[in-house]
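Peer 1: I have a structure I would like to understand better, so I am pasting it below and will then ask my questions one at a time.
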Amino acid sequence: MKIEAIRAVASRTLAVVVAGAAANGVTRGVDDRLILASERDGDNWLSYNSGYHEQRYSPLAQINRENVATLGLAWSYDLAADRGVEATPVVVDGVMYVTAPWSVVHALDARSGHELWTYDPEVPRSYGAWACCDVVNRGVAVYKGKVFVGTLDGYLVALDAGTGKVLWRVDTNIDRTKYKHTITGAPRVYHDHVVIGHGGAELSAVGYVSAYNVDTGALQWRWFSVPSSAASSDSDPSQRLAARTWDPKGRWTQVGGGGTIWDAIAYDPDLNRLYVGVGNGLPWNQAARSPAAKDNLFVASIVALDADHGRYLWHFQVTPGDAWDYDAAQHLVQADVSIQGRARKVLMQANKNGYFLVLDRTDGKLISARNFVDVNWARGYDAHGRPIEVKGARAREKPWEIIPSPYGAHNWQPMSFNPNTGLVYIPAQGVPLAIADDPDYVPERNQPGRPMSNIGWNLGYFLNTISPKAKPFGRLIAWDPVAQKEIWHRDYAGPWNGGTMTTAGNLVFQGSADGRFMAYDASSGRTLWQTEVGSGVIAAPMTYRVDGEQYVSIAVGWGGVFGLAERITDRLSPGRIYTFKLGGRAPLPPVRNFGDFRRTTLISGVPYKVEDVGPGAQLYVANCLFCHGVPAVNRGGALPNLGYSDPQVIQALPELVRSGAFMAKGMPEFHDRLSDDDVQKIAAFILDMAKNAPRQ
Ligand code: CA
């Protein structure tokens with residue numbers, strides 16, 4: 001009997017005895033071999049994207065095409081959260097570990113949903129202002145008796161898997177006075193290393209990925225994705241390679257250059273490498289960031305590192321000199337596929353820029369790239385693996401409706417790959433947006449009219465100075481990565497749908513922004529089963545088997561960068577885990593409708609000064625826009641649209657905003673950012689928008 005099999009049997013026995021007490025004993029058995037073995041076994045889901053190859057494919061087939069219609073609720077669990085839920089649960093022998101907003105960890109009995117313990121890192125709510133894209137968390141890593149979570153305020157924490165007690169906690173931010181680093185992604189583990197990056201490249205950030213010892217939290221190595229004085233170019237020659245591609249007079253020097261590694265981190269057990277997906281350049285506008293140099297390595301790149309020392313091996317820059325927030329941070333899938341009769345070890349990504357990339361992961365060379373949605377910034381990739389840019393797309397002379405927009409043709413919502421169908425299932429989308437060069441942009445300065453500039457954003461662009469013509473959409477695409485073509489697709493009511501998971505039962509599971517959870521036939525795309533889940537879904541599902549029974553789980557909770565200010569359904573329930581099984585008969589939990597707890601009529605009857613409206617609009621854009629949306633234009637998302645405010649609230653707005661009345665909910669501190677007069681002007685703009693909005 002192989003060692004992993006012995007471990008698996010021993011741990012399963014323990015789990016049956018008592019799930020809670022066994023948790024520590026069980027995860028002690030989780031190591032590199034077990035994570036790899038879980039890809040073939042399927043009982044456990046041992047990492048955010050399942051196993052090391054991150055295919056989000058389960059070999060379980062108990063639930064399949066023939067019987068999936070009888071799927072019913074086994075249990076649900078309330079995450080006590082009212083912000084976006086982006087997590088995929090991890091399951092180890094009957095124990096589920098899942099995260100909620102504000103980086104809270106919940107350990108549950110995976111059979112019943114009974115809580116075993118919770119851990120709240122008590123992230124100071126002021127960090128909500130540092131989070132570009134909601135106070136989300138995508139999940140934990142488990143390894144040798146420990147559970148690892150990265151917190152929104154930039155700490156990496158190791159917990160005892162059995163009790164949730166903190167074993168160690170390290171600060172991953174190299175300079176809190178300079179950089180607004182947050183963690184929303186799931187850590188990865190291998191070789192006694194726990195690896196994490198961070199977000200922040202809309203505000204001020206320098207990209208790097210750090211590996212810590214799982215037992216002590218000691219830093220093992222760190223690799224910087226952009227030139228940084230904190231990196232040693234002697235020990236890291238890639239720093240010299242990068243430095244040549246940046247303009248030393250560019251404004252990146254003031255805000256860090258970006259290139260954050262905020263989601264895609266994948267360990268390759270076949271080649272002992274780590275692949276990271278590097279985020280956008282900062283400021284977004286390259287004309288401000290680095291006017292005289294082209295590529296800005298390694299922003300918007302996929303990079304291979306030596307897994308044990310973090311040394312640079314190769315890179316593929318997906319979007320050279322990124323000017324469109326084209327993070328290459330989307331989920332990286334490793335697979336072995338046959339291309340023109342030759343077995344290839346590939347790395348696949350459905351990039352934010354609209355291209356599906358297939359790389360040879362042995363050397364990082366591009367095998368093929370094809371757009372999976374419409375794009376208007378490039379006409380494909382040339383023979384050297386470089387995109388052929390469309391003139392004008394950088395919006396330097398005049399505004400440009402950029403397609404895909406910075407919301408991405410595909411964002412962090414993970415895709416999945418089914419080796420049986422050979423297809424990749426991509427949660428694709430379009431959110432229209434136009435960019436315009438801001439020649440007067442000043443880094444780190446409150447400039448009314450510049451998006452979120454008073455909250456610390458550094459874009460260097462004006463947004464939507466022309467009206468976008470494209471229509472928003474959300475679409476599940478089944479993509480053949482060898483032929484580089486779409487096989488089938490399903491359209492949704494809007495963008496910002498959940499990630500996907502696929503199984504040997506020939507199924508694809510996905511939740512949608514309009515609050516449903518579906519199972520599709522993986523070959524044809526036919527809907528085989530669906531249920532309502534009380535809120536828009538943005539997270540991706542997973543599956544596991546305990547005591548011989550297969551379950552499917554999805555974490556539900558509307559929010560994230562699009563969901564903060566907009567929504568697709570009137571259902572808006574608190575964050576919740578839904579777990580299904582064949583013949584499950586638990587009743588679906590009660591659902592809240594938007595109108596039950598939030599005003600749905602436009603504010604009116606409050607006097608304001610007409611001359612305040614113009615300046616108020618500029619202040620609104622610099623302080624409120626990305627969280628609260630455009631007043632009265634839609635009815636809000638996870639956060640309220642202020643066009644629907646209570647008259648008493650809008651009258652007291654200066655007092656409420658400047659006293660920090662909403663800080664406990666994650667609203668920024670405005671005492672020093674805005675005067676009473678400023679807030680009065682913002683209120684005038686909101687009231688004027690509500691007054692002139694078409695009545696709904
Ligand atoms: Ca970004």
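The values are calculated or read from the model by the stated rules, or taken from the named source; none is laboratory data. Just so you know, these numbers come straight off a predicted model, no measurement behind them. As a convention, Cβ positions derive from the backbone with ideal geometry for all residues, glycine included, and neighbour counts pool all protein chains shown. Ligands, DNA and RNA are stripped out before the accessible areas are found, and what is left, the full protein with its side chains, is counted by its heavy atoms. Shrake-Rupley method; radii C 1.70, N 1.55, O 1.52, S 1.80 Å.
Peer 1: Would you tally the net charge around Tyr155, using a Cβ to Cβ cut-off of less than 9 Å, leaving Tyr155 out, and scoring K and R as +1, D and E as -1?
Peer 2: With Lys, Arg at +1 and Asp, Glu at -1, the net is -1.
Peer 1: Quick one: if you stick a label point 7 Å off each Cα along the C-beta vector at Asp270 and Arg445, how many nm between them?
Peer 2: Calculated label separation equals 5.2 nm.
Peer 1: By how many nm would the segment from Gln651 to Asn464 grow when fully extended, if each residue of separation counts as 0.36 nm and the alpha-carbon distance is taken off?
Peer 2: 64.4 nm
Peer 1: Moving on to the next point. Set the Förster distance to 60 Å, then compute FRET efficiency between Ser675 and Ser233 from the Cβ-Cβ distance, nearest 0.05.
Peer 2: According to the calculation, E is roughly 0.85.
Peer 1: Turning to a different aspect of this structure: Which one of Pro694, Leu674, Met663 is farthest out on the positive end of the charge dipole of segment 598-695, using unit charges on Cβ (Lys, Arg +1; Asp, Glu -1) and the Cα centre as origin?
Peer 2: The residue sitting most towards the positive pole is Pro694.
Peer 1: Something else: Tell me, what HN-Hα J-couplings in whole Hz come from the Karplus equation 6.51 cos²θ - 1.76 cosθ + 1.60 at θ = phi - 60° for each residue of segment 248-253, using x for Gly and Pro?
Peer 2: Here the 3J(HN,Hα) series is x, 8, x, 7, 4, 5 Hz.
Peer 1: For every other residue with a beta carbon closer than 13 angstrom to the beta carbon of Glu669, add +1 if it is Lys or Arg and -1 if Asp or Glu, then tell me the sum.
Peer 2: +3
Peer 1: Which cross-chain or sequence-distant (5 or more) residues have an amide H under 5 Å from the amide H of Gln220, H modelled 1.01 Å from N in plane?
Peer 2: Sorted by chain and number, the residues that satisfy this are Ala211, Tyr212, Asn213.
Peer 1: Name the residues whose placed amide hydrogens come within less than 5 Å of the amide hydrogen of Trp168, ignoring near sequence neighbours (fewer than 5 apart) on the same chain.
Peer 2: Ala158
Peer 1: Show me the three semi-axes of the equivalent ellipsoid for the chain, from the C-alpha gyration tensor (sqrt of 5 times each eigenvalue), largest first, rounded to whole Å.
Peer 2: 37, 30, 25
Peer 1: Right, next: Would you tally the net charge around Ser229, using a Cβ to Cβ cut-off of less than 14 Å, leaving Ser229 out, and scoring K and R as +1, D and E as -1?
Peer 2: 0
Peer 1: Also: Give me the number: length gained by fully extending Asp247 to Lys294, i.e. 0.36 nm times residue separation minus the C-alpha to C-alpha distance, one decimal in nm.
Peer 2: Between Asp247 and Lys294, full extension yields 16.1 nm more.
Peer 1: Take the Cα atoms of segment 598-695, build their convex hull, and give its volume per residue in Å³. Intermediate values should be presented prior to the final figure.
Peer 2: On the way: hull volume 9.0 nm³, N = 98.
Looking at segment 598-695, the number lands at 92 Å³ per residue.
Peer 1: Right, here's the next one. Considering the Cα positions of segment 620-676, please state its Rg to one decimal place and its Dmax as a whole number of Å.
Peer 2: Looking at segment 620-676, its Cα Rg and Dmax stand at 11.1, 30 Å.
Peer 1: So, one more: What Kirkwood Rh does segment 309-360 have if only Cα atoms enter the pairwise 1/r average? Answer in Å.
Peer 2: 12.6 Å
Peer 1: If only Cα atoms are counted, what is the Rg of segment 209-302, and what is its Dmax, in Å?
Peer 2: Reported Rg and Dmax, both Å: 14.3, 46.
Peer 1: Excluding ligands, DNA and RNA, what is the solvent-accessible area per residue of segment 532-641 at a probe of 1.4 Å, expressed in Å²?
Peer 2: 36 Å²
Peer 1: In whole Hz, what ³J(HN,Hα) sequence does segment 374-381 give by Karplus (6.51, -1.76, 1.60; θ = phi - 60°), x for Gly and Pro?
Peer 2: Each residue of segment 374-381 in turn: 5, 9, 10, 9, 8, 10, x, 10 Hz.
Peer 1: Stokes-Einstein diffusion coefficient for segment 55-137 at 37 °C in a medium of 0.692 mPa s, Rh from the Kirkwood formula over Cα pairs: what value in µm²/s?
Peer 2: Details: Rh = 14.9 Å.
Result for D is 220 µm²/s.
Peer 1: Report the Cα centroid-to-centroid distance between segment 583-632 and segment 83-139 in angstrom, as an integer.
Peer 2: If you average the Cα positions of each part, the centres end up 26 Å apart.
Peer 1: Evaluate the charge dipole of segment 583-696 about its Cα centre and quote only its size in Debye, nearest 20, assuming +1 on the Cβ of each Lys and Arg and -1 on the Cβ of each Asp and Glu.
Peer 2: 680 debye
Peer 1: Taking amide hydrogens as modeled 1.01 Å from N in the peptide plane, which residues meet the under 5 Å criterion relative to Tyr492, leaving out close sequence neighbours?
Peer 2: Gly474, Arg475, Leu476
Peer 1: Which whole-angstrom value gives the distance between the alpha carbon centres of segment 657-696 and segment 257-323?
Peer 2: Spelled out, the Cα-based centre of one part sits 38 Å from the other.
Peer 1: Same structure, new question: Using a basic spin-label model with each label point 7 Å from the Cα along Cα→Cβ, how many nm lie between Arg598 and Lys391?
Peer 2: So the label points at Arg598 and Lys391 sit 4.6 nm apart.
Peer 1: When only DSSP loop residues count, what GluC sites (Glu not before Pro) in segment 109-212 have their Cβ near at most 16 other Cβ atoms within 10 Å?
Peer 2: Values: sites: Glu115, Glu122, Glu202; in loops: Glu122, Glu202.
When the GluC sites (Glu not before Pro) of segment 109-212 are filtered for loop state and at most 16 Cβ neighbours within 10 Å, Glu122 remain.
Peer 1: Using θ = phi - 60° and the Karplus relation 6.51 cos²θ - 1.76 cosθ + 1.60, list the HN-Hα couplings for segment 622-631 in order, rounded to whole Hz, with x at every Gly or Pro.
Peer 2: Running phi through 6.51 cos²θ - 1.76 cosθ + 1.60 with θ = phi - 60° gives 7, 10, 10, 4, 6, 8, 9, x, 7, x Hz.
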